[in-house]
Amino acid sequence: MLKVEGISVGYGAIEVLRDLSFTVPKGKVVALLGGNGAGKTTTMNAIAGLIPLRGGEIYMNGERITRQASHKVFAAGISLVAQSRELFPEMTVRQNLELGVLAQTGVSDVVARVEEIYEMFPRLRERAFNRAASLSGGEQQMLATGRALMARPKLLLLDEPTTGLAPIIVSELQKIIRAVNERGYTVLLVEQNTKMALEVADHVYVLRRGGIALSKPRSEIVDTQEIFDAYLS
Ligand SMILES: Nc1ncnc2c1ncn2[C@@H]1O[C@H](COP(=O)(O)OP(=O)(O)O)[C@@H](O)[C@H]1O
Ligand SMILES: [Mg+2]
């Protein structure tokens, strides 16, 4: 579904990603792990068309999306849930969800789409008329994810959903990601929380020094030590 081919990205004189390649197959949850500053967010933003590539290509279902504006990437079926979540704190849960389709033209079934999100995340229905700012961290992540799903993307990009969340909420997030995947969505999950990612991912990549230090199906990872070794290699 998503094919990232030898991309290079940097900021000024700093080169963050160097000839980075990986794929995300349809229907799967793929985890991209790496330490703080490894370039995970840079990778997500590059896919979403938010920062320019210095080299390489990105394909979505065979369509070249390299150097496309972010709204074109969105139209190709890729929705990003940013690490910062970017909710509108003074608006209600429901209003935040409705904003998820604002960028799309001709959506006539907003009510049905909101209903779909409530079915996936019943907690959001309970909180529908509360301000986003009043939600717990876990609920805010749920809302940011729900808003991205309002567009019915083919591929959901989740940038460190565990950021700032209490450990007890993390298992709730795993359930959310599973629920999303069971609904047929393909997910690219970026995480620093290795344990969490290993619980939900079908395939694991470790990003290190701007490239892939490890690529393995989850089923072949017998010992998490090899993940940590790849972090440090
Ligand atoms: N806008 C920016 N300008 C300059 N350097 C940046 C910018 N964004 C990120 N970086 C640098 O790029 C590297 C990778 O950052 P990032 O992709 O956010 O890593 P991660 O998400 O894995 O923590 C870091 O060294 C960071 O300081
Ligand atoms: Mg990041």
Just checking, which of Val111, Val81 is over 26 Å from Leu32 (Cα atoms) and either aliphatic (A, V, I, L, M) or in contact with a strand residue (DSSP E or B) (Cβ under 8 Å, 6 or more places away or on another chain) (or both)?
-> Val111
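Every residue, every condition in (1) away from ligand 1 (no atom under 16 Å from the Cβ); (2) in contact with a Ser or Thr (Cβ under 9 Å, 6 or more places away or on another chain); (3) modelled with pLDDT under 95; (4) not hydroxyl-bearing (Ser, Thr, Tyr), yes or no:
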{"position": "Leu143", "(1), (2), (3), (4)": "yes, no, no, yes"}
{"position": "Leu155", "(1), (2), (3), (4)": "yes, yes, no, yes"}
{"position": "Leu189", "(1), (2), (3), (4)": "no, no, no, yes"}
{"position": "Glu199", "(1), (2), (3), (4)": "yes, yes, yes, yes"}
{"position": "Val204", "(1), (2), (3), (4)": "no, yes, no, yes"}
Of all residues in the range 13-36 being within 11 Å of ligand 1 (Cβ to nearest atom), assigned to a strand (DSSP E or B) and of a type in the set (A, V, I, L, M, F, W, C), which is surrounded by the fewest Cβ atoms within 10 Å (Cβ to Cβ)?
-> Ile14
Of (1) within 14 Å of Gln83 (Cα to Cα); (2) surrounded by fewer than 13 Cβ atoms within 10 Å (Cβ to Cβ), Thr145 satisfies every one except (2)
In this structure, does Arg85 turn out to be under 25 Å from Ala213 (Cβ atoms) and either within 16 Å of ligand 1 (Cβ to nearest atom) or hydroxyl-bearing (Ser, Thr, Tyr) (or both)?
-> no
Output for the range 179-211, where each listed residue is free of Cβ contacts under 8 Å to residues at least 60 places away in the same chain, within 24 Å of Tyr118 (Cβ to Cβ) and either crowded, with 18+ Cβ neighbours inside 10 Å or not acidic (Asp, Glu) (or both) | Ala179, Tyr185
Kindly indicate whether Val9 is touching a Pro at 6+ places or on another chain (Cβ under 8 Å), among the hydrophobic types (A, V, I, L, M, F, W, C) and in a strand (DSSP E or B).
-> yes
Residues in the range 37-69 that are within 13 Å of ligand 1 (Cβ to nearest atom), surrounded by 13 or more Cβ atoms within 10 Å (Cβ to Cβ) and on the phi < 0 side of the Ramachandran plot total 12
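Scan the range 146-173 for residues that are farther than 25 Å from Ile58 by Cα and in a loop (DSSP other than H, G, I, E, B) and jot them down. Walk me through it before giving the result.
First, the residues of the range 146-173 that are farther than 25 Å from Ile58 by Cα: 146, 162-173.
Across the range 146-173, the qualifying residues are Thr162, Thr163, Gly164, Leu165, Ala166.
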Per-region count, the range 215-231, residues in contact with a Lys or Arg (Cβ under 8 Å, 6 or more places away or on another chain) and either within 22 Å of Gly10 (Cα to Cα) or surrounded by 17 or more Cβ atoms within 10 Å (Cβ to Cβ) (or both) | 2
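The values are calculated or read from the model by the stated rules, or taken from the named source; none is laboratory data. Quick caveat: nothing in here was measured; it's all calculated off a predicted structure. FYI the Cβ positions are ideal-geometry reconstructions off the backbone, even for glycines, and counts take in every protein chain you see.
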